[in-house]
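Accompanying notes for the structure given below.
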Amino acid sequence: MGENFSSEKSLGEPQPPNYGKLRGTVLLGDALRVYRSKFPSFLAVMGIPVSFALVVSELLYFLFHTNFVYSHLYPILHFLSLVISFILFLLSSIALLLNFKENISPFNAYRRSWKLLLSFLPLAPLPFSGSNPRRAPLRINPRHPLRHLVFPCSSDFRL
């Protein structure tokens, strides 16, 4: 019963963590402040690939409802628009980083990002190459009526 409930804390006692401001929220606030201050340059840099993607998608949508779909040029046009928009988005992300880091105009950022594009191109497939360790393995029910489509010789051995 001799506990002391004073507001003074001794140096030997462990202090509880201060959850008033988490580090993630501080970092998020700093990032939002930077984006708010550089929003016009963000729009200038990202406007080119976004507007290209919107125009090309509308064009392909209108061409899809015509007889041009049955032409051999439609898949080529679709593939070329996909490749060009991928390169434009990669180029704009490099230009955005250059614009934010060095405080240069969007035109100069795009000009410098062309020179850096070849060094970033081998890194482009990395977001698509990740594996998911939590993905469940493929399990086939041995009594499923379509099991022979997955394992054509499943009648030869037991699953």
> Restricting the search to the stretch 67-79, which residues are surrounded by 12 or more Cβ atoms within 10 Å (Cβ to Cβ) and closer than 27 Å to Gly47 by Cβ?
Replying inline: Leu77, His78
>> Name the single residue that is surrounded by the fewest Cβ atoms within 10 Å (Cβ to Cβ) among those in the stretch 92-142 being in a loop (DSSP other than H, G, I, E, B) and at pLDDT 85 or above.
In response: Asn103
> Take the residues of the stretch 42-99 that are among the aromatic types (Phe, Trp, Tyr) and touching a residue at least 40 places away in the same chain (Cβ under 8 Å): which is farthest from Trp114 (Cα to Cα)?
Replying inline: Phe42
> Right, Glu3: more than 30 Å from Tyr110 (Cα to Cα), surrounded by fewer than 10 Cβ atoms within 10 Å (Cβ to Cβ), at pLDDT below 60 and charged (D, E, K, R) or not?
Replying inline: yes
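Condition first: touching a residue at least 12 places away in the same chain (Cβ under 8 Å) and small (Gly, Ala, Ser). Now tell me which residues in the stretch 106-122 satisfy that.
Ala109, Ser113
The values are calculated or read from the model by the stated rules, or taken from the named source; none is laboratory data. Quick caveat: nothing in here was measured; it's all calculated off a predicted structure. Because the Cβ atoms are built from the backbone with ideal geometry, glycine has one as well, and the counts that use them run over all protein chains shown.
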